[in-house]
Amino acid sequence: MIFCLNSPFTVHAQDRELRYMWVFNTDRDFAPDSVLGKRDEDFLTEENAIDLTEFKKGIINRGVGRRKEFSFDLPSAAVAYDITCDPMRDSQGTIVGTTEAGINITERKQLEARFQQAQKMEAVCILAGGTAHNFKI
């Protein structure tokens, strides 16, 4: 695998107990050494860890990969990731963990929120303009 440092992509693998075995290009809040051997609940908020852990356990239990967007409250800021997670299998086909790739979509989510706010403001202006016209103000 070739990924560029400082790209919005992160990749990692976890064992069946969801301990990080290897990581590449982690979020700036986490040095790789601070994550290895740990689980999500060791460094994420409880709510964030529960959602992510349930997602990953489902992949291990069903043996089918999935993709989902997650938001995390990290020490430096709130971030959003689009995460693709697949079961990792040994040579006999037994699931031994997960492999995951994530892309930081924080900027996109912020732009979507601004766009939605602008649409709401536009609707209010149209409504106000129509109301003023009805009263010939």
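The values are calculated or read from the model by the stated rules, or taken from the named source; none is laboratory data. Everything numeric here is computed off the predicted structure, so don't read it as measured data. Here Cβ is always computed from backbone atoms with ideal geometry, including for glycine, and neighbour counts include all displayed protein chains. What goes into the accessible areas is simple: the full protein's heavy atoms, side chains included, and nothing from ligands, DNA or RNA. Shrake-Rupley method; radii C 1.70, N 1.55, O 1.52, S 1.80 Å.
What to note about this one:
- Using 0.36 nm per residue and subtracting the Cα-Cα separation, the extra length available between Val64 and Ala78 on full extension is 2.2 nm.
- Of the peptides 26-34, 50-58, the order by per-residue mean of other Cβ atoms within 10 Å, starting with the highest, comes out as 50-58, 26-34.
- The residues of the range 58-112 present an accessible area of 55 Å² per residue when probed at 1.4 Å with all protein chains retained.
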